[in-house]
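Report on the following structure.
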Amino acid sequence: LDGCDGNLARHWRCTSPFGAQLDSMADMTAFGVATALLAYYWVMEKEPSWTILVMVVSGLVALMSAIRLARFNVSPSNASYFQGIPTTGAACIIAITYLTSPHLAPIWVLVLVGFVALLMVSFFPYMKLAQARRLPLWLYITAIVSALINLPVTILMVATAYICSGPILWIRQERERKSEREA
């Protein structure tokens with residue numbers, strides 16, 4: 001549904017800077033605040049003595065979402081890549097991990113949540129959905145078969161691959177820039 005609002009506004013020719021800001025505020029609520037609350041309750045259920053630490057890490061998700069969305073609104077658009085994990089991607093990683101692995105140790109939940117929050121404001125390039133469609137068919141088939149065998153492990157592997165794709169793409173782009181400068 002997040003993608004529908006912008007597409008509908010463009011289709012009906014009723015886009016505006018105010019609408020873009022309103023969309024970011026809705027994204028902040030749906031993907032920043034809601035994800036922070038999910039992370040908070042996920043850990044507090046198991047480790048109520050970690051209140052301060054859990055509040056800080058959960059708050060980091062909300063804060064980094066706000067920073068990421070604000071930066072997105074003022075940065076030039078790139079058709080191929082996002083700069084940092086998008087808030088929707090971060091929320092998806094955290095929510096799907098919760099749904100498939102609710103008994104994950106609290107320390108690992110905090111590590112995952114904190115790491116994903118920081119990656120939202122990183123400068124690593126992350127693929128947009130249009131780029132992911134270019135991945136080879138065998139990769140999709142492997143993921144589907146793997147999900148049928150063990151869904152939690154598949155989710156963990158796909159999330160890990162996506163998280164690692166940003167630094168890997170960044171290294172590749174830096175090497176290309178370096179070779180262009182030397183040429």
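The values are calculated or read from the model by the stated rules, or taken from the named source; none is laboratory data. These figures come from a predicted structure and were not determined experimentally. Cβ sites come from the backbone with ideal geometry, for glycine too, and all protein chains shown count toward neighbours.
Of note:
- Members of the stretch 143-156 found to be of a type in the set (A, V, I, L, M) and more than 15 Å from the chain's Cα centre (by Cα), listed by number: 143, 144, 145, 147, 148, 149, 151, 153
- At least 1 residues being surrounded by fewer than 16 Cβ atoms within 10 Å (Cβ to Cβ) and at pLDDT 95 or above is the threshold, and among the helices (runs of 4 or more DSSP H) wholly inside the stretch 1-67 those reaching it are 34-44.
- Pairing each residue of the stretch 22-40 that is free of Cβ contacts under 8 Å to residues at least 40 places away in the same chain with any residue that is aliphatic (A, V, I, L, M) and surrounded by fewer than 18 Cβ atoms within 10 Å (Cβ to Cβ), provided the two are 6+ apart or on different chains, yields C-beta distances under 8 Å for 40/55.
- Scope the stretch 77-94; condition outside any loop (DSSP other than H, G, I, E, B) and either small (Gly, Ala, Ser) or without any contact (Cβ under 8 Å) to a residue 40 or more places away in the chain (or both); matching residues: 89, 90, 91, 92
- When 51, 35 are checked against the criterion of being within 16 Å of the chain's Cα centre (by Cα) and of a type in the set (Ser, Thr, Tyr), 35 stands alone in meeting it.
- For residue 113, the criteria (1) over 24 Å from residue 22 (Cα atoms); (2) modelled with pLDDT of 95 or more; (3) over 12 Å from the mean Cα position of the chain (by Cα) hold in every case but one, which is (3).
- Evaluation of residue 139 against (1) more than 30 Å from residue 23 (Cβ to Cβ); (2) touching a helix residue (DSSP H, G or I) at 6+ places or on another chain (Cβ under 6 Å) (one fails), failing number: (2)
- Residues considered: 74, 61. Of these, the only one that is among the β-branched types (Val, Ile, Thr) and without any contact (Cβ under 8 Å) to a residue 12 or more places away in the chain is 74.
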